[in-house]
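Below is one structure; the comments refer to it alone.
The values are calculated or read from the model by the stated rules, or taken from the named source; none is laboratory data. Computed from a prediction, not measured in an experiment: that's the story for all the values here. As a convention, Cβ positions derive from the backbone with ideal geometry for all residues, glycine included, and neighbour counts pool all protein chains shown.
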Amino acid sequence: MSLLKKIFTKNKHIFKIVYPVYFEYKSLLIFFKTRKALSEIKYPGNTIFYIGIPVHKNLGDLAQGVCIRRWLKKNYPNKQVVEIETNALVNTRHSLLNKLKKVYKQGDIIVYQSGYTTTDIGGFADEMHRAVMDILPNAKMLMLPQTIFFVKQENQIRTSKCYNSMKKMLFLARDRVSYNLALEMFPDIPVMQFPDIVTTMIGKYTFNYERNGILFCCRNDSEKYYSNSEIDDFIKKCSTLSKTDKTDTTKSGKTKEIVNNAEAYINKEIDLYAHYKLIITDRYHGTILSLVAGTPVIIIKTTDHKVTTGAEWFKGVYDDYVYLAESLEHSYEIAKTVLNKKFDYALPPYFESNYYDKLPEMFEKSVE
């Protein structure tokens, strides 16, 4: 823990004074950086606004960002890409919504960050989506694969009304539950079920390490289903089968350092996974990065459908490598079997050619 954090933890009244000043400082930095980018558009009508870019330490979200940038560069090489943080538009006293409205021209495209952002359980992404849609109801918009989950019905209805008013938006849902909910919520716009974009990394890496042990990639947030003590006891039990280690896709360290060097951190994580015979995870991108590393993975439950239904994408594609556990005991039994199986620890690419290479044409047809 940094010295400042220790001081603030012990002196909460100091934190209450200093934090608003720090937040204002950060807001101004985002404002000036984004305003500059919006003021330097070279080809009006030939710009992609990539909105909601990941700016925190979760490697899954950062991997999405890396893959989205690659996808945009590959499929729209002649378009300028302008990246915008959520906090440049909402959750700030210095919103650039009016500036965005002014610079958006016919022919431009808005692409929203993928993830768990069509929800009311935290963050400001859903508010940002609605704010942009309110000012640009005729804009071409691509909502990259989303998990949908609302606690309050009034919030779900509000989002439904806003999205349904859009004239040219394609909404992608990244799991079966979210897709069915999207069909109910958004009957007036095109909706498709589509895999997470990080799946485009599967099949692009080759590793020749001697593999050993089980790596647990476990979350420590409100979405976890099993308690810390349950996970610790489970890891101890699995240590009778093989050596065990533990990690998470949300990393400690300086946020700016991790975000600015996201690709290096992601490659390091994939390389780590490639040293093990098995991954056990309750992380959505822990599952995908395991497959990128060519490592079999057992998925354990979270409090919602995101991780378990997301695994359905791999049925019939990577059957020997993906296992869904009904309980920790079930996971233990699967682990015993997997550790005794022989694997090539290499997977063929599938999702890029079958989905994302086709997405630009699907998008254009959907918003004609």
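Residue-wise test of (1) free of Cβ contacts under 8 Å to residues at least 40 places away in the same chain; (2) among the small types (Gly, Ala, Ser); (3) surrounded by 22 or more Cβ atoms within 10 Å (Cβ to Cβ).
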residue: Asn46; (1), (2), (3): no, no, no
residue: Tyr50; (1), (2), (3): no, no, no
residue: Ala63; (1), (2), (3): no, yes, yes
residue: Leu89; (1), (2), (3): no, no, yes
residue: Leu97; (1), (2), (3): yes, no, no
residue: Leu100; (1), (2), (3): no, no, yes
residue: Gln106; (1), (2), (3): no, no, no
- Message: Suppose we filter the range 251-287 for residues that are touching a residue at least 24 places away in the same chain (Cβ under 8 Å) and either of a type outside the set (A, V, I, L, M, F, W, C) or within 20 Å of Asp320 (Cβ to Cβ) (or both); how many remain?
- Response: 24
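Within the range 235-250, identify whether any single residue is in contact (Cβ under 8 Å) with a residue 60 or more places away in the chain, within 30 Å of Leu72 (Cα to Cα) and not assigned by TED's automatic domain parsing to the domain that holds Lys358, and answer yes or no. Even if it seems obvious, please write down each step before you answer.
Of all residues in the range 235-250, those in contact (Cβ under 8 Å) with a residue 60 or more places away in the chain come to 237-238, 241-242, 249-250.
Filter once more, so that each one left must be within 30 Å of Leu72 (Cα to Cα): 249-250.
From what is left, the residues that are not assigned by TED's automatic domain parsing to the domain that holds Lys358 are 249-250.
There is at least one residue in the range 235-250 that is in contact (Cβ under 8 Å) with a residue 60 or more places away in the chain, within 30 Å of Leu72 (Cα to Cα) and not assigned by TED's automatic domain parsing to the domain that holds Lys358.
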- Item | Of all residues in the range 226-263 being acidic (Asp, Glu) and under 30 Å from Lys26 (Cα atoms), the one that is surrounded by the fewest Cβ atoms within 10 Å (Cβ to Cβ) | Glu257
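Quickly run through the range 337-368 and pick out the residues that are within 28 Å of Cys67 (Cβ to Cβ), among the aliphatic types (A, V, I, L, M) and outside any loop (DSSP other than H, G, I, E, B).
Taking the range 337-368 first, the residues within 28 Å of Cys67 (Cβ to Cβ) are 338, 343-368.
Still in the running and among the aliphatic types (A, V, I, L, M): 338, 346-347, 359, 362, 367.
Correct list: Val338, Leu359, Met362.
Inside the range 166-200, can you point out the residues that are among the small types (Gly, Ala, Ser) and either more than 25 Å from His285 (Cβ to Cβ) or more than 13 Å from the chain's Cα centre (by Cα) (or both)? If you could, list the steps in order and put the result at the bottom.
Pass one, the range 166-200, residues among the small types (Gly, Ala, Ser): 173, 178, 182.
Of everything in the range 166-200, those that are among the small types (Gly, Ala, Ser) and either more than 25 Å from His285 (Cβ to Cβ) or more than 13 Å from the chain's Cα centre (by Cα) (or both) turn out to be Ser178, Ala182.
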- Which numbered condition Phe149 misses (of (1) under 16 Å from Lys101 (Cα atoms); (2) hydrophobic (A, V, I, L, M, F, W, C); (3) in contact (Cβ under 8 Å) with a residue 60 or more places away in the chain): (1)
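Of the residues that sit in the range 287-336 and are assigned to a helix (DSSP H, G or I) and of a type in the set (Gly, Ala, Ser), which one is surrounded by the most Cβ atoms within 10 Å (Cβ to Cβ)?
Of the residues in the range 287-336, the ones assigned to a helix (DSSP H, G or I) are 287-292, 306-314, 319-321, 328-336.
Next, only the ones that are of a type in the set (Gly, Ala, Ser) stay: 290, 310-311, 331, 335.
On the way: Ser290: 28, Gly310: 24, Ala311: 18, Ser331: 21, Ala335: 23.
Looking at residues that are assigned to a helix (DSSP H, G or I) and of a type in the set (Gly, Ala, Ser), I get Ser290.
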- Query: Within the range 216-225, can one find any residue that is touching a Lys or Arg at 6+ places or on another chain (Cβ under 9 Å), more than 28 Å from Lys57 (Cα to Cα) and crowded, with 16+ Cβ neighbours inside 10 Å?
  - Reply: no
